[in-house]
Amino acid sequence: MKKFLLIIILIPLVAPAHPGIGIVKDSKGNIYYTDLKQVWKISKSNREIVVPNVHTHELYMDQSDRLLGEGGYYDGATKKFYHYVWVYKPDGDIDTLVGMREAYVNHDFAFSRDDRGNEYYLKRFLIPHADTSHIYKKSPGAKENVFATGNFRNVNWLYPQKNGSLLYVSGNSIYRVDSLQNIQLIKTGIGNKKPSYKFSENIVIWSVWQDTAQNIFAAVFSDQAVIRIDPNGKMEEVHKSNGNWAPLSGVFDNENRLWVLEGSDKNEVRVILADAPVSALPYTHAKLFSFLFVGCFGLVLFFVYRKFFSK
(Lines give C-alpha, C1' and ligand atoms only; values in the text may rest on other atoms or scores of the structure.)
Protein backbone atom coordinates (compact mmCIF):
# COMPACT_ATOMS: atom_id res chain seq x y z
CA MET A 1 0.00 0.00 0.00
CA LYS A 2 1.20 3.50 -0.77
CA LYS A 3 2.02 5.65 2.22
CA PHE A 4 1.83 9.32 1.32
CA LEU A 5 1.49 12.62 3.14
CA LEU A 6 -1.65 14.35 1.86
CA ILE A 7 -1.31 18.10 1.41
CA ILE A 8 -3.96 20.80 1.44
CA ILE A 9 -2.70 23.52 -0.86
CA LEU A 10 -3.60 26.90 0.64
CA ILE A 11 -1.95 29.07 -1.97
CA PRO A 12 -0.26 27.25 -4.87
CA LEU A 13 3.25 28.28 -5.78
CA VAL A 14 2.49 27.89 -9.48
CA ALA A 15 3.47 30.93 -11.52
CA PRO A 16 3.84 31.35 -15.30
CA ALA A 17 7.24 32.97 -14.77
CA HIS A 18 8.60 30.15 -12.63
CA PRO A 19 8.17 26.74 -14.28
CA GLY A 20 9.90 23.58 -13.13
CA ILE A 21 13.10 22.09 -14.50
CA GLY A 22 12.65 18.59 -13.06
CA ILE A 23 13.31 15.89 -15.66
CA VAL A 24 15.42 12.80 -14.83
CA LYS A 25 15.82 9.16 -15.86
CA ASP A 26 16.30 5.92 -13.95
CA SER A 27 18.77 3.13 -14.72
CA LYS A 28 16.24 1.42 -17.01
CA GLY A 29 15.88 4.54 -19.15
CA ASN A 30 12.43 5.58 -17.91
CA ILE A 31 11.91 9.35 -17.97
CA TYR A 32 10.27 11.27 -15.10
CA TYR A 33 9.21 14.93 -15.19
CA THR A 34 7.17 17.47 -13.25
CA ASP A 35 4.45 19.77 -14.55
CA LEU A 36 4.13 21.47 -11.12
CA LYS A 37 0.88 19.59 -10.46
CA GLN A 38 2.10 15.99 -10.58
CA VAL A 39 5.03 13.85 -11.69
CA TRP A 40 4.85 11.81 -14.90
CA LYS A 41 6.69 8.70 -16.03
CA ILE A 42 7.48 7.93 -19.67
CA SER A 43 8.30 4.29 -20.38
CA LYS A 44 8.53 2.37 -23.65
CA SER A 45 4.90 1.35 -23.37
CA ASN A 46 3.07 4.38 -22.01
CA ARG A 47 2.99 7.71 -20.20
CA GLU A 48 1.40 7.84 -16.73
CA ILE A 49 1.14 9.91 -13.55
CA VAL A 50 3.13 8.23 -10.77
CA VAL A 51 3.12 10.94 -8.08
CA PRO A 52 -0.17 12.92 -8.05
CA ASN A 53 -0.96 16.28 -6.44
CA VAL A 54 2.58 17.53 -5.80
CA HIS A 55 4.16 20.87 -6.59
CA THR A 56 7.87 20.30 -7.18
CA HIS A 57 10.24 22.29 -9.37
CA GLU A 58 13.14 19.85 -9.14
CA LEU A 59 13.55 16.08 -9.11
CA TYR A 60 16.43 13.88 -8.00
CA MET A 61 17.04 10.24 -8.93
CA ASP A 62 19.42 8.44 -6.59
CA GLN A 63 21.64 5.43 -7.32
CA SER A 64 18.91 3.04 -6.17
CA ASP A 65 16.37 4.44 -8.65
CA ARG A 66 14.46 6.23 -5.89
CA LEU A 67 12.82 9.40 -7.19
CA LEU A 68 12.74 12.36 -4.79
CA GLY A 69 10.69 15.53 -5.04
CA GLU A 70 8.96 18.23 -3.00
CA GLY A 71 5.46 19.26 -2.02
CA GLY A 72 4.18 22.20 0.01
CA TYR A 73 2.39 25.50 0.17
CA TYR A 74 2.70 29.19 1.03
CA ASP A 75 0.61 30.59 3.86
CA GLY A 76 -0.30 34.11 2.77
CA ALA A 77 -1.58 35.11 6.21
CA THR A 78 1.72 34.42 7.97
CA LYS A 79 3.91 34.82 4.86
CA LYS A 80 5.62 31.52 5.60
CA PHE A 81 6.62 28.62 3.34
CA TYR A 82 5.93 25.01 4.28
CA HIS A 83 7.22 21.97 2.47
CA TYR A 84 8.01 18.27 2.71
CA VAL A 85 10.04 15.76 0.68
CA TRP A 86 8.55 12.60 -0.82
CA VAL A 87 10.19 9.53 -2.33
CA TYR A 88 8.82 7.33 -5.12
CA LYS A 89 10.36 3.87 -4.90
CA PRO A 90 11.08 1.42 -7.75
CA ASP A 91 8.26 -0.84 -6.56
CA GLY A 92 5.75 2.02 -6.96
CA ASP A 93 5.37 2.88 -3.26
CA ILE A 94 5.36 6.56 -2.27
CA ASP A 95 6.54 7.60 1.17
CA THR A 96 7.50 10.73 3.08
CA LEU A 97 11.24 11.29 3.47
CA VAL A 98 11.12 14.66 5.25
CA GLY A 99 7.88 15.61 7.02
CA MET A 100 6.05 18.88 6.57
CA ARG A 101 7.87 21.77 8.17
CA GLU A 102 8.29 25.50 7.89
CA ALA A 103 11.08 25.81 5.36
CA TYR A 104 11.79 27.09 1.89
CA VAL A 105 13.11 24.68 -0.74
CA ASN A 106 16.83 23.82 -0.25
CA HIS A 107 16.89 25.04 3.34
CA ASP A 108 16.71 21.53 4.73
CA PHE A 109 17.01 19.34 1.64
CA ALA A 110 18.75 20.13 -1.66
CA PHE A 111 17.75 18.41 -4.90
CA SER A 112 21.00 19.49 -6.56
CA ARG A 113 22.94 16.32 -5.73
CA ASP A 114 25.68 14.33 -7.39
CA ASP A 115 25.86 10.55 -7.81
CA ARG A 116 27.40 10.15 -4.36
CA GLY A 117 24.54 11.98 -2.65
CA ASN A 118 26.46 15.20 -1.93
CA GLU A 119 24.13 18.21 -1.68
CA TYR A 120 24.91 21.61 -3.22
CA TYR A 121 22.83 24.65 -2.43
CA LEU A 122 22.58 28.42 -2.16
CA LYS A 123 21.14 30.52 0.64
CA ARG A 124 20.07 33.31 -1.65
CA PHE A 125 16.46 33.22 -0.44
CA LEU A 126 17.16 32.61 3.23
CA ILE A 127 15.16 35.15 5.22
CA PRO A 128 16.35 37.31 6.92
CA HIS A 129 19.98 36.25 6.36
CA ALA A 130 20.31 35.92 2.59
CA ASP A 131 23.74 34.82 1.36
CA THR A 132 24.65 35.44 -2.30
CA SER A 133 28.42 34.94 -1.92
CA HIS A 134 28.66 31.21 -1.24
CA ILE A 135 27.70 27.82 -2.61
CA TYR A 136 27.43 25.22 0.14
CA LYS A 137 28.11 21.50 0.04
CA LYS A 138 26.99 18.84 2.48
CA SER A 139 28.06 15.21 2.20
CA PRO A 140 25.94 12.39 3.66
CA GLY A 141 26.49 12.30 7.41
CA ALA A 142 28.84 15.30 7.32
CA LYS A 143 28.63 18.96 8.27
CA GLU A 144 27.92 21.83 5.89
CA ASN A 145 30.96 23.32 4.14
CA VAL A 146 31.52 26.26 1.81
CA PHE A 147 32.09 24.76 -1.66
CA ALA A 148 32.71 28.01 -3.55
CA THR A 149 32.94 31.75 -2.97
CA GLY A 150 31.88 34.29 -5.58
CA ASN A 151 29.04 36.46 -6.84
CA PHE A 152 25.98 34.20 -7.01
CA ARG A 153 23.38 36.95 -6.72
CA ASN A 154 21.54 35.93 -9.91
CA VAL A 155 22.02 32.17 -9.71
CA ASN A 156 18.83 30.11 -9.39
CA TRP A 157 19.83 26.50 -10.06
CA LEU A 158 22.94 24.36 -9.55
CA TYR A 159 23.84 21.39 -11.76
CA PRO A 160 26.26 18.84 -10.21
CA GLN A 161 28.40 16.89 -12.69
CA LYS A 162 29.95 13.43 -12.47
CA ASN A 163 33.49 14.87 -12.14
CA GLY A 164 32.63 16.75 -8.93
CA SER A 165 32.15 20.17 -10.53
CA LEU A 166 29.03 22.33 -10.74
CA LEU A 167 27.54 24.14 -13.70
CA TYR A 168 25.40 27.22 -13.17
CA VAL A 169 23.87 30.07 -15.16
CA SER A 170 24.26 33.75 -14.41
CA GLY A 171 22.72 36.18 -16.87
CA ASN A 172 23.57 35.07 -20.41
CA SER A 173 26.60 33.01 -19.37
CA ILE A 174 27.42 29.50 -18.14
CA TYR A 175 30.06 28.89 -15.48
CA ARG A 176 31.78 25.87 -13.99
CA VAL A 177 33.08 25.74 -10.40
CA ASP A 178 35.01 22.86 -8.84
CA SER A 179 36.63 24.34 -5.74
CA LEU A 180 36.58 27.29 -3.37
CA GLN A 181 38.17 29.78 -5.77
CA ASN A 182 38.18 28.00 -9.14
CA ILE A 183 35.30 29.48 -11.13
CA GLN A 184 35.58 29.20 -14.91
CA LEU A 185 33.53 30.98 -17.55
CA ILE A 186 32.39 28.32 -20.03
CA LYS A 187 30.52 30.50 -22.51
CA THR A 188 28.89 33.90 -22.66
CA GLY A 189 26.48 35.41 -25.19
CA ILE A 190 24.50 32.19 -25.44
CA GLY A 191 21.07 33.70 -25.96
CA ASN A 192 20.26 36.35 -28.55
CA LYS A 193 20.68 39.92 -27.33
CA LYS A 194 17.00 40.45 -28.09
CA PRO A 195 14.75 37.50 -27.18
CA SER A 196 13.09 35.91 -30.21
CA TYR A 197 10.36 34.24 -28.13
CA LYS A 198 7.51 36.74 -27.99
CA PHE A 199 6.47 35.67 -24.48
CA SER A 200 9.91 36.40 -22.99
CA GLU A 201 10.96 39.95 -22.18
CA ASN A 202 14.51 39.08 -21.06
CA ILE A 203 17.27 36.64 -21.92
CA VAL A 204 16.44 33.47 -19.99
CA ILE A 205 18.45 30.24 -19.78
CA TRP A 206 16.48 27.82 -17.62
CA SER A 207 18.71 24.78 -17.39
CA VAL A 208 22.05 23.30 -18.44
CA TRP A 209 23.30 19.70 -18.60
CA GLN A 210 26.08 17.61 -20.17
CA ASP A 211 26.36 14.47 -22.27
CA THR A 212 29.04 11.77 -22.11
CA ALA A 213 31.09 13.61 -24.73
CA GLN A 214 31.42 16.67 -22.43
CA ASN A 215 29.17 18.80 -24.62
CA ILE A 216 27.09 21.27 -22.60
CA PHE A 217 23.44 21.85 -23.47
CA ALA A 218 21.51 24.99 -22.57
CA ALA A 219 17.73 25.43 -22.61
CA VAL A 220 17.49 28.98 -23.93
CA PHE A 221 13.89 29.73 -23.08
CA SER A 222 13.98 33.25 -24.55
CA ASP A 223 14.95 31.88 -28.00
CA GLN A 224 12.88 28.65 -27.92
CA ALA A 225 16.10 26.74 -28.54
CA VAL A 226 18.35 24.11 -27.03
CA ILE A 227 21.96 25.03 -27.73
CA ARG A 228 24.86 22.58 -27.68
CA ILE A 229 28.28 23.95 -26.70
CA ASP A 230 31.18 21.64 -27.57
CA PRO A 231 34.45 21.49 -25.54
CA ASN A 232 35.97 24.09 -27.89
CA GLY A 233 33.15 26.55 -27.24
CA LYS A 234 31.39 26.15 -30.59
CA MET A 235 27.61 26.61 -30.32
CA GLU A 236 25.00 24.77 -32.37
CA GLU A 237 21.21 24.69 -32.17
CA VAL A 238 19.99 21.09 -31.73
CA HIS A 239 16.32 21.69 -30.98
CA LYS A 240 13.81 24.41 -31.76
CA SER A 241 10.49 24.62 -29.95
CA ASN A 242 7.48 25.79 -31.93
CA GLY A 243 4.38 27.88 -31.38
CA ASN A 244 3.97 29.07 -27.81
CA TRP A 245 6.41 26.48 -26.38
CA ALA A 246 9.97 26.97 -25.13
CA PRO A 247 12.55 24.59 -23.55
CA LEU A 248 13.04 24.33 -19.80
CA SER A 249 15.43 21.40 -19.38
CA GLY A 250 16.47 18.08 -20.90
CA VAL A 251 17.82 14.59 -20.25
CA PHE A 252 19.38 11.79 -22.32
CA ASP A 253 17.82 8.35 -22.24
CA ASN A 254 19.73 5.06 -22.41
CA GLU A 255 19.71 5.23 -26.22
CA ASN A 256 21.33 8.67 -26.11
CA ARG A 257 18.18 10.40 -27.33
CA LEU A 258 17.55 13.87 -25.95
CA TRP A 259 14.17 14.43 -24.28
CA VAL A 260 13.27 18.11 -23.88
CA LEU A 261 11.01 19.47 -21.15
CA GLU A 262 9.05 22.41 -22.58
CA GLY A 263 6.74 25.03 -21.06
CA SER A 264 4.16 27.27 -22.68
CA ASP A 265 2.87 30.77 -22.08
CA LYS A 266 -0.17 29.16 -20.41
CA ASN A 267 2.04 27.34 -17.90
CA GLU A 268 1.48 24.01 -19.66
CA VAL A 269 4.24 21.41 -19.72
CA ARG A 270 5.16 18.70 -22.20
CA VAL A 271 8.12 16.45 -23.02
CA ILE A 272 9.24 15.69 -26.59
CA LEU A 273 12.25 14.24 -28.37
CA ALA A 274 14.79 16.76 -29.67
CA ASP A 275 14.79 17.59 -33.37
CA ALA A 276 18.44 16.72 -34.03
CA PRO A 277 20.18 13.41 -33.20
CA VAL A 278 23.11 13.66 -30.80
CA SER A 279 26.26 11.59 -31.35
CA ALA A 280 27.08 9.10 -28.61
CA LEU A 281 30.79 9.26 -29.38
CA PRO A 282 33.01 11.17 -26.95
CA TYR A 283 34.31 14.38 -28.50
CA THR A 284 37.91 13.20 -28.89
CA HIS A 285 36.74 9.91 -30.40
CA ALA A 286 34.44 11.73 -32.77
CA LYS A 287 37.33 13.86 -34.00
CA LEU A 288 39.49 10.76 -34.50
CA PHE A 289 36.68 8.97 -36.34
CA SER A 290 36.18 11.95 -38.65
CA PHE A 291 39.91 12.14 -39.35
CA LEU A 292 40.15 8.43 -40.17
CA PHE A 293 37.06 8.56 -42.36
CA VAL A 294 38.38 11.50 -44.39
CA GLY A 295 41.80 9.87 -44.63
CA CYS A 296 40.43 6.52 -45.86
CA PHE A 297 38.15 8.24 -48.35
CA GLY A 298 41.13 10.19 -49.66
CA LEU A 299 43.15 7.00 -50.11
CA VAL A 300 40.31 5.38 -52.04
CA LEU A 301 40.13 8.37 -54.38
CA PHE A 302 43.90 8.29 -54.82
CA PHE A 303 43.96 4.60 -55.88
CA VAL A 304 40.96 5.08 -58.17
CA TYR A 305 42.76 7.97 -59.82
CA ARG A 306 46.00 5.93 -60.18
CA LYS A 307 44.16 2.97 -61.71
CA PHE A 308 41.88 4.70 -64.20
CA PHE A 309 43.18 8.19 -64.89
CA SER A 310 46.95 8.28 -64.46
CA LYS A 311 47.78 6.36 -67.67
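Pulled fully out, how much extra length does the chain show between N151 and T78, if you take 0.36 nm times their separation in residues and subtract their Cα-Cα distance? Extra length from N151 to T78 when fully extended: 23.2 nm.
Pop out the carbon and sulfur fraction of the accessible area of the range 32-183 as a percent, whole number, probe 1.4 Å.
46 percent
Within the range 225-273, what whole-number % of the accessible surface is contributed by carbon and sulfur, with the 1.4 Å probe and all protein chains included in the calculation? The computed percentage sits at 45. Placing pseudo-labels 7 Å out from each Cα toward the beta carbon at L185 and D275 gives an inter-label distance of 2.9 nm. Rounded to the nearest 0.05, the FRET efficiency derived from the C-beta distance between K143 and V50 at R0 = 30 Å is 0.30. On a per residue basis, the range 160-257 carries 46 Å² of accessible surface, using protein heavy atoms and a 1.4 Å probe.
Between the DSSP loop rule and a limit of at most 11 other Cβ atoms within 10 Å, which trypsin sites (Lys or Arg not before Pro) in the range 136-173 are left? Passing both the DSSP loop test and the Cβ count: K143, R153, K162.
By the rule of a C-alpha distance below 14 Å, with chain neighbours fewer than 8 residues away ignored, the aspartates and glutamates paired with K44 are D26, D253, E255.
For the pair N232 and D253, a Förster radius of 35 Å applied to the C-beta separation gives a FRET efficiency near 0.85, rounded to the nearest 0.05. Listed cross-link partners K89/K143; K198/K266; K25/K162 are compared with a 18 Å cut-off, the Cα-Cα value being larger for K89/K143. In this label model, S173 and R66 are separated by 3.9 nm, measuring between points 7 Å along each Cα→Cβ vector.
Residue separation of D115 and N267 scaled by 0.36 nm, minus their Cα-Cα distance, works out to 51.6 nm of gained length.
The values are calculated or read from the model by the stated rules, or taken from the named source; none is laboratory data. Small disclaimer: the values here were computed from a predicted structure and weren't measured. Note: ideal-geometry Cβ built from the backbone for every residue, glycine included; neighbour counts use all protein chains shown. Keep in mind that these areas ignore ligands, DNA and RNA; they rest on the heavy atoms of the full protein, side chains included. Shrake-Rupley method; radii C 1.70, N 1.55, O 1.52, S 1.80 Å.
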